[in-house]
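A short write-up of the structure that comes next.
The values are calculated or read from the model by the stated rules, or taken from the named source; none is laboratory data. These numbers come from a predicted model, not from an experiment. Positions of Cβ are backbone-derived with ideal geometry, glycine not excepted, and every protein chain shown enters the neighbour counts. Just so you know, the surface numbers come from the protein's heavy atoms only, side chains and all, with ligands and any DNA or RNA stripped out. Shrake-Rupley method; radii C 1.70, N 1.55, O 1.52, S 1.80 Å.
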Amino acid sequence: MTRGYNFCSGPAMLPDAVMQRAQQELMEWQGTGMSVMELSHRSDEFVRVLESAESRLRRLLGVSDDFAVLFVQGGATLQFSCVPMNLMGRGGAAEFLDTGTWSVKAIKEAARYGEARVLASTKSENYLRAVRADEFTASPDAAYLHYTPNETIGGVEFDYVPDSGAVPLVADMSSCILSKTINVDDYDLIYAGAQKNIGPAGLTLVIVRRSLLGKALPGTPSLLDYQAQAENGSMVNTPPTFAIYLAGLVFEWLESNGGVAAFERLNAEKSGLLYRVIDDSAFYSNPIMPDHRSRMNVPFILADESLNDRFLAGAQEAGLYNLQGHRSVGGMRASIYNAMPLAGVEALVSYMKEFEQRHG
Ligand SMILES: *Cc1c(COP(=O)(O)O)cnc(C)c1O
């Protein structure tokens with residue numbers, strides 16, 4: 001068995017170079033006589049691993065000291081609760097842009113802590129586009145405005161940063177963090193589960209403006225309190241040490257391959273190639289409004305859906321894995337995060353063309 005190209009939406013492919021490095025270092029890490037997995041999280045060595053991961057991330061995204069960087073657990077899903085717990089205040093309100101499955105889940109959890117207002121939604125249009133800038137105005141009394149820059153399931157991506165006016169802007173960047181350059185100062189809180197574009201599952205990244213710390217609702221567990229995590233260097237308890245080490249290797253790999261700007265160009269090339277093949281054919285289609293198409297998750301359907309199983313089986317034989325669409329959408333979906341090389345997308349489009357020739 002050889003490693004194929006894994007188009008899974010998450011956990012997703014990790015770079016070969018990172019996997020090889022981890023394999024080399026697995027049994028004994030840098031003269032410590034033990035694996036990095038076996039290091040005490042309080043040891044100087046592990047604290048250096050964590051600090052180095054944080055400083056690489058700060059360099060990659062340009063995160064200033066106005067923000068705390070937290071390595072936590074519970075996935076993006078726990079952040080759906082942590083954000084209101086930390087920012088909403090008692091009986092407060094937050095506002096949301098609804099662009100699909102993940103927005104809806106964030107809204108539902110926030111409603112447990114206060115008022116969750118949907119400012120704008122594309123639900124009536126089957127979520128085939130992002131919300132447009134002229135469709136909402138954040139209310140000054142809201143605790144924050146939350147949106148999902150990339151809807152992983154629908155394959156819808158914002159091509160602009162929403163204007164939240166005077167209120168903090170919160171972004172669930174689980175499936176697009178580090179995929180293009182951003183101005184972190186445009187945001188007040190960014191969170192992301194690691195398993196798409198950062199590293200293995202089990203780690204969640206939170207980048208939060210320090211001025212927002214210290215406002216958690218009474219009763220918030222200290223593990224979920226951003227201020228407690230910031231004060232304790234993400235070590236209120238034992239952090240997911242191996243996942244943090246691997247994330248650090250991914251950050252190092254991104255830096256040594258040109259940084260976020262280089263991956264932004266590569267991601268445009270990869271997604272452009274795939275959408276071109278879809279658009280040039282009557283056999284494949286993607287329904288998302290072109291300006292709002294995701295560069296990370298590319299759903300497509302076959303004109304003849306009875307060929308789905310054959311398409312997937314042939315793909316698997318060609319070493320192209322996990323192309324089935326989400327169960328709520330059907331069809332196919334290719335997730336092409338940073339670690340998916342151009343060669344993987346080239347292999348996919350050549351398989352797609354060949355399949356179309358045989359069955360179209
Ligand atoms: C995958 C995903 C989530 C859920 O992440 P978990 O880490 O499984 O909780 C939330 N939001 C977006 C945008 C996602 O892509």
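Does any residue in region 232-251 that is free of Cβ contacts under 8 Å to residues at least 12 places away in the same chain come within less than 7 Å, Cβ to Cβ, of a residue that is surrounded by fewer than 18 Cβ atoms within 10 Å (Cβ to Cβ) and assigned to a helix (DSSP H, G or I) six or more places away or on a different chain, and which pairs are these?
Correct list of pairs: empty, since none qualify.
Look through L323, L266, L307 and report the one residue that is over 21 Å from the mean Cα position of the chain (by Cα) and not charged (D, E, K, R).
Checking each option against the conditions leaves just L307.
Could you tell me which of the residues G202, G165, G154 is open to solvent by 10 Å² or more (accessible area, probe 1.4 Å), within 16 Å of the ligand (Cβ to nearest atom) and more than 26 Å from E54 (Cα to Cα)?
Working: G202 fails: more than 26 Å from E54 (Cα to Cα); G165 fails: within 16 Å of the ligand (Cβ to nearest atom).
Only one candidate qualifies: G154.
Within region 116-128, is there a residue that is within 15 Å of the ligand (Cβ to nearest atom), open to solvent by 30 Å² or more (accessible area, probe 1.4 Å) and of a type outside the set (A, V, I, L, M, F, W, C)?
Yes, there is a match, as at least one residue in region 116-128 is within 15 Å of the ligand (Cβ to nearest atom), open to solvent by 30 Å² or more (accessible area, probe 1.4 Å) and of a type outside the set (A, V, I, L, M, F, W, C).
Does D159 qualify as being part of a loop (DSSP other than H, G, I, E, B), touching a residue at least 12 places away in the same chain (Cβ under 8 Å), more than 16 Å from the ligand (Cβ to nearest atom) and of a type in the set (D, E)?
Against the criterion (part of a loop (DSSP other than H, G, I, E, B), touching a residue at least 12 places away in the same chain (Cβ under 8 Å), more than 16 Å from the ligand (Cβ to nearest atom) and of a type in the set (D, E)), D159 qualifies.
So, in region 287-309, how many residues would count as being farther than 30 Å from N257 by Cα, open to solvent by 50 Å² or more (accessible area, probe 1.4 Å) and not in a loop (DSSP other than H, G, I, E, B)?
The total comes to 4.
Report, by residue number, each residue of region 60-74 that is open to solvent by 20 Å² or more (accessible area, probe 1.4 Å) and either basic (K, R) or in a helix (DSSP H, G or I) (or both).
L60
For the subset of region 89-114 comprising residues that are touching a Leu at 6+ places or on another chain (Cβ under 8 Å) and at pLDDT below 95, which member is surrounded by the fewest Cβ atoms within 10 Å (Cβ to Cβ)?
R90
Can you confirm whether E255 is acidic (D, E) and farther than 23 Å from D65 by Cα? Explain how you work it out, then say what you get.
Numbers: acidic (D, E): yes; farther than 23 Å from D65 by Cα: no.
In short, no.
Does V184 count as away from the ligand (no atom under 11 Å from the Cβ), open to solvent by 10 Å² or more (accessible area, probe 1.4 Å) and of a type in the set (V, I, T)?
no
Would you point out the residue of region 12-30, among those that are over 17 Å from G248 (Cβ atoms) and free of Cβ contacts under 8 Å to residues at least 12 places away in the same chain, that is most open to solvent (accessible area, probe 1.4 Å)?
Per the stated criteria, the residue is M27.
Condition check ((1) among the small types (G, A, S); (2) under 15 Å from the mean Cα position of the chain (by Cα); (3) under 28 Å from P240 (Cα atoms)) across all residues:
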residue: V63; (1), (2), (3): no, no, yes
residue: E95; (1), (2), (3): no, no, no
residue: I107; (1), (2), (3): no, no, yes
residue: A111; (1), (2), (3): yes, no, no
residue: R132; (1), (2), (3): no, no, no
residue: F136; (1), (2), (3): no, no, no
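Checking the structure you have, find out if any residue of region 207-215 is closer than 16 Å to L97 by Cα and either more than 12 Å from the ligand (Cβ to nearest atom) or among the hydrophobic types (A, V, I, L, M, F, W, C) (or both).
No, region 207-215 has no match at all.
So that you can scan it fast, the table gives a plain yes or no per residue for (1) of a type in the set (S, T, Y); (2) in a strand (DSSP E or B):
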position: M27; (1), (2): no, no
position: G31; (1), (2): no, no
position: A94; (1), (2): no, yes
position: S103; (1), (2): yes, no
position: R112; (1), (2): no, no
position: R129; (1), (2): no, no
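Could you pull out the residue among L312, L348 that is part of a helix (DSSP H, G or I) and open to solvent by less than 30 Å² (accessible area, probe 1.4 Å)?
Values: L312 fails: open to solvent by less than 30 Å² (accessible area, probe 1.4 Å).
The conditions single out L348.
Could you list all residues from region 215-227 that are open to solvent by 50 Å² or more (accessible area, probe 1.4 Å) and not in a helix (DSSP H, G or I)?
Selection gives K215, P218, G219, P221.
Among the residues of region 65-82, are any touching a Leu at 6+ places or on another chain (Cβ under 7 Å), small (G, A, S) and within 16 Å of the ligand (Cβ to nearest atom)?
No, because not a single residue in region 65-82 is touching a Leu at 6+ places or on another chain (Cβ under 7 Å), small (G, A, S) and within 16 Å of the ligand (Cβ to nearest atom).
Evaluate the following for S281: is it modelled with pLDDT of 95 or more, assigned to a loop (DSSP other than H, G, I, E, B) and more than 23 Å from the chain's Cα centre (by Cα)?
So S281 fits the description; yes.
Any idea which of (1) open to solvent by less than 30 Å² (accessible area, probe 1.4 Å); (2) away from the ligand (no atom under 12 Å from the Cβ); (3) in contact with a Leu (Cβ under 8 Å, 6 or more places away or on another chain) is the one I177 doesn't satisfy?
(2)
Would you mind telling me which numbered condition in (1) of a type in the set (G, A, S); (2) within 16 Å of the ligand (Cβ to nearest atom); (3) more than 15 Å from E151 (Cα to Cα) G100 fails?
That leaves (3) as the condition not met.
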